[in-house]
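To start, the structure under review is shown below, and the notes come after it.
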Amino acid sequence: MTAAGLPGEVAYVVVGGGTAGNVVAARLAEAGHAVLVLEAGPDFGPQGSAAWPSDLVDAARLGRSHDWGYDSGATYPWTVGFDRGRAIGGSSDMNGCTQTWGHRRDYDAWAEAGLDGWSTGDLVPLFEEGMRRMRVRLYRADELTPWQDAWYDAAPAVGMPRLTDLNNLDESAGFAPEAVNIEDGVRVNSAFAYLDPVRGLPNLTIAGDALVDRVVVENGRATGVMVRRHGETVIVRAGTVVLAGGAYNSPTILLRSGIGPAAQLAPLGIPIVQHLPGVGENLHDQPFLLMSWEGSDEMARDMQRARDAGWAPDEQAMGKAASSFETEAFDLHFLPYSPTHLTGRKRWSVGLSALQPRSRGSVRLQDADPESKPLIDHRFLTDPEGVDVAILAEGAGMLRELAASPALARRVGREIHPGPDTLEPAALRAHLYANPDNYWHPVGTCRMGREDDALAVVDARARVHGIEGLHIADCAIMPTVPRATTAMPAIVMGEKVARMLLQDAEETTR
């Protein structure tokens, strides 16, 4: 063991015990390989441990206690928070538990771009397995709270039929109860679902409070990682290194390792190991607008009765719709939201997101210190043609039409945000440009691509170009964001990369 209480050498190091990393670690450990999981935040132990903070376990609300603290910094005159979980389980500890898959075209487009093995047909079995392992269930319509049910019931008025499930990969518009990873009120994170069944294996080590500084590369091959833990900095040797830090942390680890754009690394004094100009580029998330109404006495009474009955989560249903820019499927999400924690004031809301953004941003280092926050610039709503903001504006118009329908008007009340001052199209666009927000689904900063793609970071087998023994297994490798909340696609990233690693291991032992 090292001074930091870590094994000195293992077959596989998985950097990040989050949504995808836990999947990779569990699959490798199940197959008998020696695996070390390094998580920068704490490991609270298995499900049921008293160490777990209540907000991370309670599926009726969003967790906030263990966050990386990332935000927009100086890129806007105000601060936009980019919430990411810093604890075993990662962002699966904090999210709203909505599990959506997207549309067939999302993944078929990856395969058509030359990424063999990533078509919808290839991934559907992995989605099904992920849903099973994450204990996903589907809300019934009669379980919806009054706020959720009001929108679900009225949705056909604007062309969104009532559906039983959102995850038919061939369907376009519709409103349905959500599929959720909730069991007896507990948010089933990926640590509970994947790590707990293998925690007792002697070949698996889970290390919390272990911050990875960089990957050690020797003669073009990753041979281990440098880790800070318990006041010590040590190197752990590994046959294979798998980064699973997500769209913000996986690229920053590469950059600190000297893998990235040479022009960015040289001024920071980081020696160049591999010039990969795409590291940290192609950052995108689905832009978001939260619309709110004042509600009504009737709605307040109905919701209070639902809360008194015991189970009234913030999120339960979702709509998907197509703007005039969409010809294949859908490109909008509508998400009714009724926060139970705002006890001092009532806020009845519906989130709105444009799912196929054109705008692209970046993640960069401000210095070589692994404790420093990265410079995250999403560049929301900056596409030259203004399509992203136009799609959001169309979505706001659909929600306003729905809110004005006879079935909803008396129950939702007057719109208070963005409010009547934004009814004119120009005023609404100005509001959107002035108030960019995110849907918490960052992807793309280490994107997959063919070897002739100068901005690709990994190939179709998730191997970092130019570095042997180094893989990435998280949403950073997505070339484009799917039309989905990315929790289940992240699980699928882990399942897919784990299978490829196991294939590689089997081939080397033949």
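Worth a mention:
- Comparison of THR508, THR445 shows that the only residue that is polar (S, T, N, Q) and under 22 Å from LEU381 (Cα atoms) is THR445.
- One residue from THR2, THR75, THR79, THR19 being within 23 Å of ARG229 (Cβ to Cβ), modelled with pLDDT under 95 and of a type outside the set (A, V, I, L, M, F, W, C): THR2
- Selected residue (only one of VAL24, VAL37 is farther than 25 Å from GLU315 by Cβ, open to solvent by less than 10 Å² (accessible area, probe 1.4 Å) and in a helix (DSSP H, G or I)): VAL24
- Just one of (1) farther than 21 Å from ASP196 by Cα; (2) hydroxyl-bearing (Ser, Thr, Tyr); (3) open to solvent by less than 10 Å² (accessible area, probe 1.4 Å) fails for THR79. It is (3).
- Taking the criterion of being within 26 Å of GLU171 (Cα to Cα), among the hydroxyl-bearing types (Ser, Thr, Tyr) and touching a residue at least 60 places away in the same chain (Cβ under 8 Å), the residues of segment 307-339 that qualify are SER323, SER324.
- In the set ALA51, ALA11, ALA4, only one residue is over 19 Å from TYR194 (Cα atoms) and assigned to a loop (DSSP other than H, G, I, E, B); that residue is ALA4.
- Single residue of SER296, SER292, SER324, SER372 found to be of a type in the set (Gly, Ala, Ser) and within 27 Å of ARG86 (Cβ to Cβ): SER372
- Failed condition for ARG187, given (1) within 25 Å of MET291 (Cα to Cα); (2) surrounded by 24 or more Cβ atoms within 10 Å (Cβ to Cβ); (3) charged (D, E, K, R): (1)
- Flag for PRO339 being crowded, with 19+ Cβ neighbours inside 10 Å, part of a loop (DSSP other than H, G, I, E, B) and not small (Gly, Ala, Ser): no
- Unmet criterion (only one of (1) outside any helix (DSSP H, G or I); (2) surrounded by fewer than 23 Cβ atoms within 10 Å (Cβ to Cβ)) for ALA409: (1)
- For segment 47-61, the tally of residues that are touching a Ser or Thr at 6+ places or on another chain (Cβ under 6 Å) and touching a residue at least 40 places away in the same chain (Cβ under 8 Å) stands at 0.
- Residues in segment 193-251 that are open to solvent by 30 Å² or more (accessible area, probe 1.4 Å), assigned to a strand (DSSP E or B) and among the small types (Gly, Ala, Ser): 1 in all.
- Considering residues of segment 352-372 that are touching a strand residue (DSSP E or B) at 6+ places or on another chain (Cβ under 8 Å) and farther than 17 Å from THR480 by Cα only, the residue surrounded by the most Cβ atoms within 10 Å (Cβ to Cβ): LEU352
- Subset of segment 468-495 (residues that are open to solvent by less than 10 Å² (accessible area, probe 1.4 Å) and either more than 27 Å from ASN189 (Cβ to Cβ) or over 19 Å from the mean Cα position of the chain (by Cα) (or both)): LEU470
- Wholly within segment 100-180, helices (runs of 4 or more DSSP H) carrying at least 2 residues that are closer than 30 Å to ARG461 by Cα: 104-112, 120-133
- Answer from SER324, SER349 - the residue that is at pLDDT 90 or above, open to solvent by less than 10 Å² (accessible area, probe 1.4 Å) and outside any helix (DSSP H, G or I): SER349
The values are calculated or read from the model by the stated rules, or taken from the named source; none is laboratory data. These numbers were taken from a predicted model, which means no experiment stands behind them. Note that each Cβ is placed from the backbone with ideal geometry, even for glycine, and that neighbours are counted across all protein chains shown. Each accessible area value is taken on the protein alone, full model and side chains, heavy atoms only, with ligands, DNA and RNA left out. Shrake-Rupley method; radii C 1.70, N 1.55, O 1.52, S 1.80 Å.
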